[in-house]
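Single-structure report; data block below.
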Amino acid sequence: MTSRILVPVDLDHLDKLDKALGIAAQTAKDSGATVTYVGVIDPVPTGSKHREGYEAQQQLDAFAGEQAKAHGIQTEEHIALRGDLHLHVGREIVAAAERAECDLIVMASHVPGFKDHFLTSNAGYVASHAPMSVYVVR
């Protein structure tokens, strides 16, 4: 049984997350699970790092509240600030899922393109390295 679901979200590209958000919400509703939305952001390397993180957290809080109301589910939110811009987003997603003790990650992917044959996609990394189940939605 699924009790905690993690969904990585990019608030600038919500239009590409509809299917993943719907699947996560329905799975949560069916199993009584809590959905944790995580946003991984690259803080601009200035003194405003804390301000930027605070603003992103406010936006993610509002988004999680909207999802809870729209789907009748329990939600949480988490922002991961990457201090090293060279770190892989997939690594941050897996770490967030482990910290939140999630047993499922539902994430959107894209149709692989030419560059994906040379660079690992975030979804590919998560599916290969996460210790919990991963549902990749295209």
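If you go through the stretch 1-34 one residue at a time, how many are touching a helix residue (DSSP H, G or I) at 6+ places or on another chain (Cβ under 6 Å) and surrounded by 21 or more Cβ atoms within 10 Å (Cβ to Cβ)?
Adding up the residues that qualify gives 5.
Condition check: within 17 Å of the chain's Cα centre (by Cα) and either of a type outside the set (Val, Ile, Thr) or at pLDDT 85 or above (or both). Does residue 83 satisfy that?
Answer is no for this residue.
Do the conditions hold for residue 111, that is, is it more than 11 Å from residue 5 (Cα to Cα), touching a helix residue (DSSP H, G or I) at 6+ places or on another chain (Cβ under 9 Å), at pLDDT below 95 and among the β-branched types (Val, Ile, Thr)?
It is false that residue 111 is more than 11 Å from residue 5 (Cα to Cα), touching a helix residue (DSSP H, G or I) at 6+ places or on another chain (Cβ under 9 Å), at pLDDT below 95 and among the β-branched types (Val, Ile, Thr).
In this structure, does residue 5 turn out to be at pLDDT 95 or above and closer than 17 Å to residue 77 by Cα?
Here the answer is yes, as residue 5 does meet what is asked.
Of all residues in the stretch 11-32, which are at pLDDT 95 or above and farther than 13 Å from residue 106 by Cα?
Within the stretch 11-32, 29, 30, 31, 32 meet the criteria.
Among residues belonging to the stretch 35-58 that are surrounded by 13 or more Cβ atoms within 10 Å (Cβ to Cβ), under 16 Å from the mean Cα position of the chain (by Cα) and part of a helix (DSSP H, G or I), point out the one that is modelled with the highest pLDDT.
This residue is 57.
Looking at the stretch 61-80 only, could you name the residues that are of a type outside the set (D, E, K, R) and at pLDDT 90 or above?
First, the residues of the stretch 61-80 that are of a type outside the set (D, E, K, R): 62-65, 67-68, 70-75, 78-80.
Passing the criteria: 62, 63, 64, 65, 67, 68, 70, 71, 72, 73, 74, 75.
The values are calculated or read from the model by the stated rules, or taken from the named source; none is laboratory data. Only a predicted model underlies this, so the values are computations on that prediction, with no experimental measurement involved. FYI the Cβ positions are ideal-geometry reconstructions off the backbone, even for glycines, and counts take in every protein chain you see.
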